[in-house]
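Report on one structure; see the data block that follows.
Nothing in this text is a laboratory measurement; each read-out follows from the coordinates by a stated rule. Owing to the predicted nature of the structure, the values given are computational and were not obtained by experimental measurement. Because the Cβ atoms are built from the backbone with ideal geometry, glycine has one as well, and the counts that use them run over all protein chains shown.
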Amino acid sequence: MNKRLRLRRRFMLLVLLAIAYPILSHGVDMLGWFKKKEVFLSSEVNGVISQNGIPAADLAVTRSLMYIDGKDRIDVTMTDSEGHFHFPRKTIKSSIPNRLFSEDHVSQQITIESEGELLPLWVANHVGITEIPEFSRKLSSMACDLTDKRVTFQFENTNNEHLDHMASSICRWDEDYTPVLIYDGDKEYVVEDGDFNKLTDRFTGKEVEL
């Protein structure tokens with residue numbers, strides 16, 4: 001057996017040991033890899049859509065939830081006469097969280113089409129397989145006017161005070177809502193200090209007014 005082959009076999013053995021050690025040391029049942037866990041996709045959603053302050057009735061609202069299994073789970077609802085819309089809480093069962101090195105996250109998108117344009121009511125990346133209270137609070141009270149511009153904003157992350165959650169939406173919230181960027185067509189503007197009256201062009205740094 002030549003030296004190169006021996007080194008290759010030793011390397012493969014080390015790789016196998018590195019994988020097997022955490023399993024054996026924690027007493028993990030190999031069959032547990034195939035057991036399914038509940039995976040949280042979205043909390044209950046409640047919102048109101050208006051246009052220039054007037055309730056927007058009979059509009060189709062779409063919720064798209066994609067876990068790391070790549071399946072796009074889509075629900076559609078209609079706004080009522082008061083512009084209100086609702087989606088129920090959603091979970092699935094999956095064995096993926098049992099896999100080693102699984103990086104669980106859910107892509108959440110709630111959108112509406114208005115005058116041929118797709119408007120985001122909620123676009124965010126939900127990390128983990130359990131409910132995040134800060135996300136749930138935002139989704140439980142969405143006030144959305146079709147004339148407002150899309151904003152990327154920060155909100156509290158109680159698990160990590162140094163890394164806020166982020167989402168993008170045309171909706172607005174009175175609490176725990178710090179705008180970071182605002183979009184006007186293909187233009188992007190930085191919202192200084194969370195104040196919509198203090199905007200600078202993201203690329204030129206020049207102050208602007210919208």
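A cut-off of 5 Å between modelled amide H atoms, ignoring neighbours fewer than 5 places along the same chain, links Q154 with T178, V180.
Taking amide H atoms as placed 1.01 Å from N in the peptide plane, the amide H of R202 lies under 5 Å from those of E188, Y189, V190, each 5 or more residues away in sequence or on another chain.
Residue-wise HN-Hα couplings along the range 121-130, as the Karplus relation 6.51 cos²θ - 1.76 cosθ + 1.60 with θ = phi - 60° gives them from phi, are 8, 6, 9, 7, 10, 8, 8, x, 10, 10 Hz; Gly and Pro carry x. With a cut-off of 12 Å, note down the residues of the range 175-189 whose backbone N falls inside the zone around a label point 7 Å from the Cα of Q154 toward its beta carbon. Of the residues in the range 175-189, 177-181 have backbone N under 12 Å from the label point off Q154. Of K37/K138; K90/K187; K36/K71; K37/K71, which sit over 28 Å apart, Cα to Cα? As for pairs spanning more than 28 Å Cα to Cα, those are K90/K187.
Using 0.36 nm per residue and subtracting the Cα-Cα separation, the extra length available between E38 and E161 on full extension is 41.6 nm.
A simple rule links phi to the HN-Hα coupling: the Karplus curve 6.51 cos²θ - 1.76 cosθ + 1.60 with θ = phi - 60°, which for the range 39-48 gives 10, 7, 10, 7, 7, 5, 10, 9, x, 10 Hz, with x for Gly and Pro.
Straight-line cross-link reach from K149 at under 13 Å between alpha-carbon atoms covers these aspartates and glutamates, not counting any fewer than eight positions away in the same chain: E117, D184, D186, E188. Phi angles of the range 61-78 translate, via the Karplus equation with coefficients 6.51, -1.76, 1.60 and θ = phi - 60°, into HN-Hα couplings of 10, 10, 10, 10, 10, 10, 7, 6, 7, x, 8, 8, 9, 10, 10, 10, 9, 10 Hz per residue; Gly and Pro are given as x. Judged by the mean number of other Cβ atoms found within 10 Å, the most tightly packed of the peptides 75-86, 192-203 leads the ranking 75-86, 192-203. Computed from label points 7 Å out along Cα-Cβ, the spacing between E115 and N98 is 5.2 nm. Amide H contacts under 5 Å for L146: S50, Q51, N52, restricted to partners 5 or more places along the chain or on a different chain, H placed in the peptide plane at 1.01 Å from N.
I need the shape label for the range 97-173. Rule: rounded when a/c is under 1.5, else prolate if a/b > b/c, else oblate, with a, b, c from the alpha carbon gyration tensor. In terms of gyration-tensor shape, prolate.
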